[in-house]
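The values are calculated or read from the model by the stated rules, or taken from the named source; none is laboratory data. No experiment lies behind these values; they were computed from the predicted model shown. Every residue, glycine as well, gets a Cβ built from its backbone with ideal geometry; the counts of neighbours run over all protein chains shown.
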Amino acid sequence: MTESSRRKFLARAAATMSAAVLAGCDKISQSTWGPNVLRGAEQLTHMVQRAITNRHALAPEFTKADIAPIFRANGTLNPDSDDYDAHVATGFRNWRVAVRGLVHNPLDLSVADLRAMPSRTQITRHDCVEGWSCIGEWTGALLSEIIIKAEPKRHTKFVVFHCADNMSNDDNHPQFYYESLDLIEAMHPQTILAYDLNGKPLPVANGAPVRLRAERQLGYKMAKYVNGIELVTDFNHINGGKGGYWEDQGYNWWAGI
Ligand SMILES: Nc1nc2c(c(=O)[nH]1)N[C@H]1C(S)=C(S)[C@@H](COP(=O)(O)O)O[C@H]1N2
Ligand SMILES: [Mo]
């Protein structure tokens, strides 16, 4: 098998396993042991994929000729809050990415700070679970450099990304989009906090002023409008406790491709 057909096979195998588990979801989850079995199965998918794929492998990269003329946008297209509108009006000068949680050195990074950090430019394919893909060129600060700069504490296992878009209709109980990666994905050389798309500052629809690119993951992992990064040992304390907005609605936490 070639590397890419092997990866496709693994993705399919993992999807089949998850689908098999989900098929019995309603019935199983009514009994007390169900949730543990489900969690166990998801952990197994993650472990199996870890064991048989090389976690240091790079996602495929493409050429300028492959870049789509317009990068399709999905999910929130504009956070549309007074706060966000004010940032748009001031060219995101006051936008900060707050790095908190299990760190010795908390950071508040402006877009200019991010632009001054070691960066990477990569032409990659974005795969959305809704069934579309799009190739674009992303430039951003290496997330590994940000994490190292923040001096993570020893027990850090996951990195959580907090976003500015409220997914709830109820302004009194906002539910901001969020996502998370394990430390291996977070430290991967193609994982960046992107500020440019196709050589220009990110459009609002694609997550201005900064969004995550974790190129070996499905689209929903790529948090847009990032204003916070939190280092944690687990995410039980955050919203639904599943590590992401879509995960809280039932998507798999492990979204490796
Ligand atoms: N903050 C935030 N990030 C998000 C989403 C969102 O709704 N809000 N949607 C996700 C999904 S499902 C996809 S496919 C990609 C879409 O990124 P794009 O708009 O640049 O295509 O962003 C992901 N990140
Ligand atoms: Mo998506």
Worksheet entry | Top-ranked residue of region 202-219 - restricted to ones that are closer than 21 Å to A98 by Cβ and not β-branched (V, I, T), ranked as farthest from ligand 1 (Cβ to nearest atom) | P209
Worksheet entry | Subset of region 55-68 (residues that are among the hydrophobic types (A, V, I, L, M, F, W, C) and assigned to a loop (DSSP other than H, G, I, E, B)) | A57, L58, A59, F62, I67, A68
Worksheet item: near ligand 1 (Cβ under 8 Å from one of its atoms), assigned to a helix (DSSP H, G or I) and under 13 Å from the mean Cα position of the chain (by Cα) - does that describe any residue in region 178-188?
Response: no
Worksheet item: Which numbered condition trips up G199, out of (1) more than 17 Å from S110 (Cα to Cα); (2) within 14 Å of ligand 1 (Cβ to nearest atom)?
Response: (2)
Fill in: Boolean, G75 is surrounded by 14 or more Cβ atoms within 10 Å (Cβ to Cβ) and either modelled with pLDDT of 95 or more or among the acidic types (D, E) (or both)
yes
Worksheet item: Inside region 96-117, can you point out the residues that are outside any helix (DSSP H, G or I) and either among the hydrophobic types (A, V, I, L, M, F, W, C) or within 16 Å of ligand 2 (Cβ to nearest atom) (or both)?
Response: V97, A98, V99, L102, V103, L107, L109, M117
Worksheet, complete the sentence: Within region 169-196, residues surrounded by fewer than 22 Cβ atoms within 10 Å (Cβ to Cβ) and closer than 22 Å to W246 by Cβ come out as N169, D170, D171, H173, P174, Q175, F176, D182, L183, I184, Q190
Worksheet, complete the sentence: Residue pairs qualifying under the 7 Å Cβ cut-off, at least six apart or on distinct chains, with the first in region 205-228 being in a loop (DSSP other than H, G, I, E, B) and the second being within 13 Å of ligand 2 (Cβ to nearest atom) and of a type in the set (D, E), are L218/D127; A223/E179
Fill in: region 69-95: number of residues that are part of a loop (DSSP other than H, G, I, E, B) and either within 16 Å of ligand 1 (Cβ to nearest atom) or farther than 25 Å from E137 by Cα (or both)
17
Practice prompt. Mind listing just one residue for me: the one in region 128-156 that is surrounded by fewer than 19 Cβ atoms within 10 Å (Cβ to Cβ) and within 15 Å of the chain's Cα centre (by Cα) and, of those, nearest to ligand 1 (Cβ to nearest atom)?
Written response: C128
Worksheet item: Are any residues in region 125-180 charged (D, E, K, R) and without any contact (Cβ under 8 Å) to a residue 24 or more places away in the chain, and if so, which ones?
Response: R154, D170, D171
